[in-house]
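This report concerns only the one structure given below.
Quick note: the coordinates plus some simple rules give every number you see, no bench work behind them. In this text the structure is predicted, and so the values were computed from the model without any measurement.
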Amino acid sequence: MTALRQSAIAELERVPEDKLAAIIQFINNLMKENETKERGWDLEQFIMPPTERGQSADAYVRELRDNDRF
């Protein structure tokens with residue numbers, strides 16, 4: 001058994017029982033990706049839509065700085 005595998009097993013032993021189902025699902029998705037060569041994760045779900053403040057961050061920071069000098 002490799003050191004990496006031993007380390008992974010040791011980490012899994014520390015995981016609470018109620019979290020194991022999520023880890024097993026994650027591992028199954030990884031294995032499925034290797035077999036089908038398809039990306040199984042939808043990374044678009046983690047992208048937040050841009051906000052008005054984010055689009056004009058320089059002006060916002062400048063406004064904060066200017067209003068700080070009263």
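At a glance:
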| item | result |
| --- | --- |
| Added length on full extension, which subtracts the Cα-Cα distance from 0.36 nm per residue, THR2 to LEU30 | 8.1 nm |
| Additional length obtainable on full extension of the chain from LEU12 to ASP66, 0.36 nm per residue less Cα span | 14.2 nm |
